[in-house]
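Taking it in order: structure first as structure tokens, then the write-up.
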Amino acid sequence: MSARGDILERVRRGVGRDDFAGRRAAAIAALGSAGRGPQPVIGADLVGRFRAKAEYLSSTVVAVATQAEAPAAVAAYLLANGLAGEAVATADVAGLDWAASRLSVAVRPAVDADKTGISGCFCAIAETGTLMLLSGPETPATVSLLPETHIALVDVSRIVATMEDAFALLRAERGSLPRAVNFISGPSRTGDIEQTIVLGAHGPCRVHLILIGAA
């Protein structure tokens with residue numbers, strides 16, 4: 001055996017290359033048993049924490065008691081801000097009675113011309129005031145990314161404490177990641193020009209959250 005072959009053979013033995021199944025099992029076990037890093041103290045009031053953080057990030061927030069009240073809350077927000085009563089929406093909120101609130105809501109992916117997008121969310125994260133949205137045929141990401149105004153319906157029972165809790169919920173309920181996971185923390189913004197924050201630079205300039213079950 002050449003010197004090169006001898007060295008490579010010793011490397012193979014050292015890393016256990018010949019025991020692929022054993023190394024794979026060990027890696028899976030390590031991932032499954034990995035402990036969490038330091039966690040912030042969130043407290044019991046996840047709704048209050050989420051709302052405070054979301055408002056700090058320039059989202060606006062209102063609360064309603066039931067999902068059936070959401071269309072009226074959306075209509076009130078659009079009227080108060082001088083916005084048209086037209087929107088695109090994801091399929092997970094399509095069953096609400098939008099017409100009763102004099103809203104024209106189309107269930108489809110958004111295009112450049114759409115001004116308002118309405119979506120649900122997979123869950124919300126109290127630690128940072130962040131929405132977790134999963135892409136899919138029923139929940140196209142364009143609805144929350146393209147329009148100038150994004151309105152999200154947030155069931156307070158889906159507010160978790162931390163990012164780690166959000167991923168744990170995703171693994172428990174879905175098993176695997178979708179094509180894309182989008183985290184939304186208030187309106188899009190940039191500070192590239194003279195360190196002055198400008199909202200709406202790369203996406204919606206307004207994010208309005210309707211907390212369902214908090215009123």
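Among the residues of segment 31-70, write down those that are part of a helix (DSSP H, G or I) and either surrounded by 16 or more Cβ atoms within 10 Å (Cβ to Cβ) or of a type in the set (Lys, Arg) (or both).
Selection gives Leu46, Val47, Arg49, Phe50, Arg51, Lys53, Ala54, Gln67, Glu69, Ala70.
Taking Ala25, is it hydrophobic (A, V, I, L, M, F, W, C), farther than 20 Å from Leu209 by Cβ and part of a helix (DSSP H, G or I)?
yes
Among Ala52, Ala89, Ala44, Ala110, which is more than 19 Å from the chain's Cα centre (by Cα) and not polar (S, T, N, Q)?
None of the others qualify; the one that does is Ala44.
What do you reckon, is Ala94 of a type in the set (A, V, I, L, M, F, W, C), farther than 20 Å from Arg206 by Cβ and touching an Asp or Glu at 6+ places or on another chain (Cβ under 8 Å)?
no
Considering only strands (runs of 3 or more DSSP E) fully contained in segment 90-179, which possess at least 1 residues that are touching a Phe, Trp or Tyr at 6+ places or on another chain (Cβ under 6 Å)?
Counting at least 1 such residues, we get 104-107, 123-125, 130-134.
Name the residues in segment 76-109 that are surrounded by 13 or more Cβ atoms within 10 Å (Cβ to Cβ) and either acidic (Asp, Glu) or closer than 30 Å to Glu164 by Cα (or both), would you?
Scanning segment 76-109 gives Glu86, Ala89, Thr90, Ala91, Asp92, Val93, Ala94, Pro109.
Every number here is computed from the coordinates shown, using simple stated rules; none is lab data. None of these values were measured; they are calculated from a predicted model. We place every Cβ from the backbone using ideal geometry, glycine too, and count neighbours over all the protein chains shown.
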